[in-house]
Amino acid sequence: MLAPREEEFFRALAALLPKDGLLRDVESLRPYECDGLSALRSLPWCVALPETAAAVEAILRLCHEYGVAVVPRGAGTGLSGGARPSHAALLLGLARLREMAEPDLRSRSIRVGPGVRNLAVSEKVRRHGLYYAPDPSSQIACSIGGNVAENSGGVHCLKYGLTTHNVLAVELCDSSGERLPIGSLAPDTPGFNLLSLVIGSEGLLGVVTSCTLRLLPLPPQTLVLLAAFPSLRQAADSVGAIIAAGILPAGLEMMDQLAIQAAEDFVHVGYPREAAAILLCELDGEEDELQEQLQQVAEILRQQGATELRVARDEATRMALWKGRKAAFPAVGRIGPDYYCMDGSIPRQRLAEVLEQINVLARDYGLRVANVFHAGDGNLHPLILYDANQEGEQERAEALGARILELCVAVGGTVTGEHGVGVEKLDGMCVQFSSAELAQLHRIKAAFDPAGLLNPGKAVPSLHHCAELGAMHVHGGQLPFPELERF
Amino acid sequence: MDRSDEIRAQIVAAYENRSALAIRGGGSKSFYGRPVAASRTLELGGHQGILEYEPKELYICARAGTPLSEIEAVLAQRGQILAFEAPHFSPHATLGGCVASGLSGPRRPYAGAVRDHVLGVRMLNGRGEDLRFGGKVMKNVAGYDVSRLLAGSLGSLGVLLEVTCKVLPRPVATRSLAFDMSAAAALEQLVTWSLRPSPISAAAHDGERLYLRLEGAASRVENFARAVGGDLLADDVGDRFWEDLREQRLPFFAGTAPLWRLALPAGSPPVPESFGTVFYDWGGQQGWLRGPLDAPALRAWAARQGGHATAFRHPPDDAVFQDLPPALLALQQRLKAAFDPAGILNPGRFYPGL
């Protein structure tokens, strides 16, 4: 690429970066060869690590001038390969844009650089009795810029929303290097609602150079209930029953037996190993209302057949109950050499049915699946266990994963609830969207990035890709689970 | 009744003939925005009906022409609400018009705007292509968030056929309070309250009194009301006040003088008295003023605070919405062209060229 002008480009690029901000040799490129989707690796062409928004702007201008593609990257914790590098693209690392202003208490907001870690925001504003609500499980490491790119969720979405509900404004640098104010502290910014479009656009529409986040007052009291069930169905049906009663828990998580046992063997927090499923329900609010809600929820859970109920009020006990949930992914990683984490989202009332169907599919494919997920949101995370060293097992795991995603779409859900499409779910997008819909998404991209330089090939598959795949677009159609009722 | 095919045919014909369409649902918000230069009107009336309502799933899906009042009545039977408290402005208001106008009621700062509750849409773009984005689930990051983009797009990106909205349980308890205090004191008090958890779900100031609505668990509402004092309004009086504010039926909104809407960051200073009396809503983030007034000065003052001003009703001229920076206007024009290449959907309703 750009052979004769390559050195000229690098000279100009180096001038925009601190001494250690431009990586070109294989050894220093190695740490950037993948994001959280570590199965897919390739070395970037080069890595640029700017420290200011002005440098990001200048780099994008330069890349635009030379026709160089750019892959933006936050902390590299994304699970769908959204920051997967390319031999033909500059990898733009934003982790050094870590500036954090003092919170503005009058507007209950804070302006942060895209490289600021999610958890660092809540830590910074805690002394004011405030926090930033979205809390993806990688919050200790993942960056706000990455959260914006992926519209990240977490365990508290049911009550407090996703990233899109908690960001007031961003500064977006478009592919030509123009910095645009998107959204505002004031409500209903004039013009189209570009903020919603940019959040979750996976780095295809622009590079976020600053984010203004909405802060919330910390809830006065929090408690966690653990309920154990003798069947998956009872646990799943309890989720709908709680919500039908008009209660919105701060978090409502579910684990199946394989996940419970893996977590218990790993962190020893006293989870009931013999239970078919457990629910973890977090409630928050003031003392009186919390007591009311606790009684209501406990009653519902008993009616639904919970065999054991534990209530954690103090921080240490609550943390212990959450610990197993938070450690569930690595715990599952201990019981199988490899696992493949899915991220489908479905209507809650189909939970029991879909979980049972996943087990049937898993048996058909001769693989084990552990389930640990955001039940309140209907956001599934089936973990397909496999051994990459066994001939053909990885392919089987991927095929099973594709079947699970088709199942999610067939019951009225989506192929990705919170991890993003990246490169991983491009095939699933062919199932979920029609050609006309995909073409519309491409036209949106072209309105922001006419030259197609930002994160090319991610998030929205080409029509050609879908045609080659031969995947059937299923919504409204009969495929591929005709036995399931649709709505 | 499903009028999708017929509506689609009209758009396809307009696309082929390059003839602009003025889009009209129930006509309840036809006063809002700039005049549309179109010889024909695309009527969406009759394209109505609730398609799915699952109280346990917390969503409702309906054809865009479904009356808002019908949706709210169905939700009320199951103790649920559209939390953004959409203004109707007429008994004919539709769900599609509510989403396309992007207008939210008094609960907006505390529960989110229309766009925060839109989960999915079925739409026709300016080529007449029948497209679905988003869905019925709370978490969905497949594809760009087109359904939320359409909220507040004033019909200029596409015609909504179906909308799926998140719904929420109706609050268990509600109390409305009033306090005699100046606007300046009320705005400061609201900032103080905003920093701690509270059951406040609406806050307005009419120039003389601060009105608060508290919602949530009964104990929480009562505890807070006891702690802050004020005059307790009878339930029907309080409910009527918030509804009349939302529907602009209070005396402040009467008459044909220009009605200006200010949108401001939370915690902004009081609007200078030189612009006249301000009716604040949204805890101070939305201010209503009556003209005639010095519009350029008002817009400049709003912009300095990080906000903007809209000539909401009876605009003195075509400059209804605050000017966009040139680069943003250009981007929005490209985006418009990406959905509506022939420029036939409500051209000019938002801005010239959009």
Mind listing whichever residues of region A:444-473 are within 11 Å of another protein chain (Cβ to nearest Cβ), out of contact with any Lys or Arg (no Cβ under 9 Å at 6 or more places or on another chain) and within 18 Å of A:L60 (Cβ to Cβ)?
A:K445, A:D449
Any residue at all in region B:250-266 that's assigned by TED's automatic domain parsing to the domain that holds B:A178, among the β-branched types (V, I, T) and surrounded by fewer than 21 Cβ atoms within 10 Å (Cβ to Cβ)?
yes
I'm checking my understanding of the structure. Among residues of region A:84-113 that are in contact with a Cys (Cβ under 9 Å, 6 or more places away or on another chain) and open to solvent by 60 Å² or more (accessible area, probe 1.4 Å), which one is farthest from the other protein chains (Cβ to nearest Cβ)?
A:R84
For region B:231-275, give me each residue that is closer than 23 Å to B:Y32 by Cα, small (G, A, S) and touching a residue at least 12 places away in the same chain (Cβ under 8 Å).
B:G255, B:A257, B:A263
Exception for A:S176 within (1) touching a Ser or Thr at 6+ places or on another chain (Cβ under 9 Å); (2) open to solvent by 10 Å² or more (accessible area, probe 1.4 Å); (3) more than 9 Å from chain B (Cβ to nearest Cβ) falls at (1)
Being surrounded by 13 or more Cβ atoms within 10 Å (Cβ to Cβ) and assigned to a helix (DSSP H, G or I) is the filter here, so list the residues in region A:387-396 that pass it.
A:E393, A:Q394, A:R396
Helices (runs of 4 or more DSSP H) lying entirely in region A:1-107 (those with 3 or more residues that are among the hydrophobic types (A, V, I, L, M, F, W, C))
A:6-14, A:53-66
Inside region A:141-173, can you point out the residues that are part of a loop (DSSP other than H, G, I, E, B), away from chain B (no Cβ under 11 Å) and either open to solvent by 20 Å² or more (accessible area, probe 1.4 Å) or touching an Asp or Glu at 6+ places or on another chain (Cβ under 7 Å) (or both)?
A:A141, A:V155, A:H156
Hits in region B:104-127 (condition: assigned to a loop (DSSP other than H, G, I, E, B), at the interface with chain A (Cβ under 10 Å from one of its Cβ atoms) and in contact with a helix residue (DSSP H, G or I) (Cβ under 7 Å, 6 or more places away or on another chain))
B:S104, B:G112, B:N125, B:R127
Could you count how many residues in region A:116-140 are open to solvent by 10 Å² or more (accessible area, probe 1.4 Å), at pLDDT 95 or above, part of a loop (DSSP other than H, G, I, E, B) and over 23 Å from B:G112 (Cβ atoms)?
0
Conditions: (1) among the hydrophobic types (A, V, I, L, M, F, W, C); (2) out of contact with any Ser or Thr (no Cβ under 6 Å at 6 or more places or on another chain); (3) surrounded by 24 or more Cβ atoms within 10 Å (Cβ to Cβ). A:W45 meets all but one. Number of the miss?
(3)
Of all the residues that make up region B:203-229, how many are within 28 Å of B:V278 (Cβ to Cβ), surrounded by fewer than 17 Cβ atoms within 10 Å (Cβ to Cβ) and in contact (Cβ under 8 Å) with a residue 40 or more places away in the chain?
3
When both residues are 6+ apart or on different chains and their Cβ atoms are under 7 Å apart, which pairs have a first residue that lies in region B:77-106 and is free of Cβ contacts under 8 Å to residues at least 24 places away in the same chain, and a second that is open to solvent by less than 10 Å² (accessible area, probe 1.4 Å)?
B:S104/B:F84; B:S104/B:A86; B:S104/B:A113; B:S104/B:V114
For region A:325-378, name all the residues that are in a helix (DSSP H, G or I), among the small types (G, A, S) and within 21 Å of A:S80 (Cβ to Cβ).
A:A328, A:G333
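Let's see how each residue does on (1) without any contact (Cβ under 8 Å) to a residue 12 or more places away in the chain; (2) surrounded by fewer than 17 Cβ atoms within 10 Å (Cβ to Cβ); (3) under 22 Å from the mean Cα position of the chain (by Cα); (4) within 10 Å of another protein chain (Cβ to nearest Cβ):
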residue: B:C165; (1), (2), (3), (4): no, no, yes, no
residue: B:R170; (1), (2), (3), (4): no, yes, yes, yes
residue: B:S176; (1), (2), (3), (4): no, no, no, no
residue: B:D180; (1), (2), (3), (4): no, yes, no, no
residue: B:V191; (1), (2), (3), (4): no, no, no, yes
If we ask which residues in region B:137-162 are open to solvent by 10 Å² or more (accessible area, probe 1.4 Å), at the interface with chain A (Cβ under 9 Å from one of its Cβ atoms) and out of contact with any helix residue (DSSP H, G or I) (no Cβ under 7 Å at 6 or more places or on another chain), their number turns out to be 1
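The values are calculated or read from the model by the stated rules, or taken from the named source; none is laboratory data. Since we're looking at a predicted model, the values are computed, not measured. Don't worry about glycine lacking a Cβ; one is built from the backbone with ideal geometry, like all the others, and counts go over all protein chains shown. To get the accessible areas, we keep the full protein, side chains included, count just its heavy atoms, and leave off ligands, DNA and RNA. Shrake-Rupley method; radii C 1.70, N 1.55, O 1.52, S 1.80 Å.
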